[in-house]
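Structure first, commentary second.
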Number of protein chains: 2
Amino acid sequence: MSPSRSQTDETRGWIVPVGGAEEKVGHPRILQRFVRLSGEEESRIVIIPTASSLDETGKQYEDLFQELGAQSAVSLPYRERVDTDRDDWLEALNDASGVFFTGGNQLRLSATLGGTSVATLVRRLNAKGIPVGGTSAGAAILPEHMIAYGGTGGTPLAGMVSLAPGLGLTNRFVIDQHFRERDRLGRLLSALSYNPFAVGLGLDEDTAAFISPDNVVRVVGSGAITVVDVSQLSHSSIAETREGEPLCMTDVRVHILPHGSRFDLNTRCATPP
Amino acid sequence: MSPSRSQTDETRGWIVPVGGAEEKVGHPRILQRFVRLSGEEESRIVIIPTASSLDETGKQYEDLFQELGAQSAVSLPYRERVDTDRDDWLEALNDASGVFFTGGNQLRLSATLGGTSVATLVRRLNAKGIPVGGTSAGAAILPEHMIAYGGTGGTPLAGMVSLAPGLGLTNRFVIDQHFRERDRLGRLLSALSYNPFAVGLGLDEDTAAFISPDNVVRVVGSGAITVVDVSQLSHSSIAETREGEPLCMTDVRVHILPHGSRFDLNTRCATPP
């Protein structure tokens with residue numbers, strides 16, 4: 001949606017939003033695949049736990065990624081905006097072969113990192129091929145247009161969702177998480193009703209969208225991804241509907257995609273497993 | 001804020017948001033300057049009156065631009081999303097040397113044009129050098145992050161403003177209009193608190209920001225532009241503050257700039273007339 005942005009950018013790294021509560025013991029296939037994309041036994045994963053208010057979150061993911069065979073896994077606990085000036089942390093980030101944002105509150109991520117050299121560096125890393133992922137709040141922050149918070153329920157209401165600028169790795173997708181568990185179809189539709197140019201990805205828990213450099217979404221995990229495609233939308237009533245009233249949206253296309261399915265943004269085609 | 005987007009793009013056209021209620025008789029210097037940028041007596045201006053619910057708005061601006069010496073001024077009254085498929089209108093748009101969005105409701109613009117070939121074409125035109133402007137709602141739609149609606153007052157409250165994706169001509173600015181007249185500093189600050197990467201431009205009525213291809217803002221008109229620069233922000237409490245409660249924001253820099261002033265986005269320096 002920007003004049004100077006190319007439609008596909010094959011040198012970009014993978015973008016990996018996870019719906020939250022991904023399996024961490026037993027068969028943690030989402031995190032395992034993230035390690036593989038990051039270089040397997042040569043991977044140097046940097047964890048950004050800023051969304052979380054718990055001190056142990058960073059350490060937990062350090063241990064997880066190391067158990068999964070990463071060469072190194074280091075968390076950089078940015079708390080305040082002034083922390084983003086730390087040169088040693090910027091150097092560690094610059095050397096990452098994969099970057100992962102933990103869960104928590106996505107507004108803590110955007111308010112702490114937005115407009116700083118950390119946000120710029122993560123975008124640069126992804127642009128040159130480094131995979132960037134995140135779970136829950138860490139998934140929400142990845143695109144240009146982030147769902148900050150919103151209401152619950154299956155049908156969209158005017159004013160039901162609040163958007164904020166995210167990290168800006170892609171503006172082709174709007175991401176929602178804990179999707180089935182927290183009944184969020186309504187708020188995702190509401191977010192898309194404002195300006196039907198993006199594709200909605202509703203991620204169930206323990207389910208990830210592995211978005212390739214050429215914008216093909218691969219579904220990995222025990223739940224499903226609800227893809228909401230409004231490219232054929234013929235009407236959205238958002239300009240006329242009063243706050244709290246149901247929206248009118250016609251010709252929305254939806255795909256429910258479990259593990260092994262794909263969605264190709266370029267052709268708008270979904271492929272079952 | 002996007003990996004594949006260049007920081008400055010000197011081939012881009014001017015972006016001209018107007019704060020609404022610009023002078024139309026007597027000395028209409030904002031519209032006159034827009035005609036000059038569009039090619040003076042060779043200008044072919046296309047007006048998009050979609051934001052307005054009044055049938056006569058398009059015709060009014062046709063007359064205005066013609067009186068000001070444009071070679072042609074044609075309005076394309078897109079009402080429903082299906083209208084965006086009209087080939088004759090797309091051809092007229094493609095031939096424009098300047099594009100202008102009228103006022104009304106910015107959600108009517110985003111919901112009707114978002115994701116369509118009209119939005120794509122306007123971005124392409126601007127990317128190759130064609131000036132794109134708009135007044136009131138037509139100003140709000142221009143950037144990537146648009147203020148959809150919000151509350152009134154000088155201090156920011158959590159949840160006071162609703163953002164939506166706009167046309168995406170620039171993501172470096174967040175624009176608000178009728179700024180002094182409707183007391184909107186609070187909602188502009190609130191919009192910037194989410195992710196302090198953009199610069200806020202609060203446009204008084206009859207006042208325009210002429211944003212050059214190299215991102216220098218020139219102020220034209222009888223009011224002022226309030227530039228809100230959060231690049232040095234040391235704290236934003238948006239992640240912790242409850243809806244309706246006052247936000248904490250520290251180290252916000254503000255410039256109040258009347259006619260003849262400039263603000264350079266690259267150096268973050270303001271220059272008085």
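The values are calculated or read from the model by the stated rules, or taken from the named source; none is laboratory data. Quick caveat, the model's predicted, so the values are computed rather than measured. Here Cβ is always computed from backbone atoms with ideal geometry, including for glycine, and neighbour counts include all displayed protein chains.
Computed values, structure above
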{"read-out": "Residues located in segment B:161-203, provided they are in contact (Cβ under 8 Å) with a residue 24 or more places away in the chain, crowded, with 23+ Cβ neighbours inside 10 Å and in a loop (DSSP other than H, G, I, E, B)", "value": "B:Gly166, B:Leu167, B:Gly168, B:Leu169, B:Thr170, B:Gln177, B:Phe179, B:Arg184, B:Pro196, B:Phe197, B:Ala198"}
{"read-out": "Failed item in (1) of a type in the set (Gly, Ala, Ser); (2) buried (at least 23 other Cβ atoms within 10 Å of the Cβ); (3) touching a helix residue (DSSP H, G or I) at 6+ places or on another chain (Cβ under 8 Å), with B:Gly104 passing the rest", "value": "(2)"}
{"read-out": "Verdict on A:Arg12 being at the interface with chain B (Cβ under 10 Å from one of its Cβ atoms), buried (at least 22 other Cβ atoms within 10 Å of the Cβ) and either at pLDDT below 95 or part of a loop (DSSP other than H, G, I, E, B) (or both)", "value": "yes"}
{"read-out": "Evaluation of A:Arg182 against (1) within 14 Å of chain B (Cβ to nearest Cβ); (2) out of contact with any Pro (no Cβ under 8 Å at 6 or more places or on another chain); (3) not hydrophobic (A, V, I, L, M, F, W, C) (one fails), failing number", "value": "(1)"}
{"read-out": "When residues of segment B:224-252 are limited to those that are assigned to a strand (DSSP E or B) and within 13 Å of another protein chain (Cβ to nearest Cβ), the one surrounded by the most Cβ atoms within 10 Å (Cβ to Cβ)", "value": "B:Ser236"}
{"read-out": "Any hit, segment A:129-138, residues being part of a loop (DSSP other than H, G, I, E, B), touching a His at 6+ places or on another chain (Cβ under 7 Å) and hydrophobic (A, V, I, L, M, F, W, C)", "value": "no"}
{"read-out": "Members of segment A:92-110 that are within 13 Å of chain B (Cβ to nearest Cβ) and assigned to a helix (DSSP H, G or I)", "value": "A:Gln106, A:Leu107, A:Arg108, A:Leu109, A:Ser110"}
{"read-out": "Residue match in segment A:201-223 (condition: within 14 Å of another protein chain (Cβ to nearest Cβ), hydrophobic (A, V, I, L, M, F, W, C) and within 30 Å of A:Gly115 (Cβ to Cβ))", "value": "yes"}
{"read-out": "The lone exception for A:Lys24 - which of (1) more than 14 Å from chain B (Cβ to nearest Cβ); (2) within 22 Å of A:Gly221 (Cβ to Cβ); (3) not in a loop (DSSP other than H, G, I, E, B) it fails", "value": "(3)"}
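One line per residue, one yes/no per condition, for (1) within 12 Å of chain B (Cβ to nearest Cβ); (2) at pLDDT 95 or above; (3) buried (at least 23 other Cβ atoms within 10 Å of the Cβ):
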{"residue": "A:Thr112", "(1), (2), (3)": "yes, yes, yes"}
{"residue": "A:Thr116", "(1), (2), (3)": "yes, yes, no"}
{"residue": "A:Arg124", "(1), (2), (3)": "yes, yes, no"}
{"residue": "A:Gly134", "(1), (2), (3)": "no, yes, yes"}
{"residue": "A:Gly154", "(1), (2), (3)": "no, no, no"}
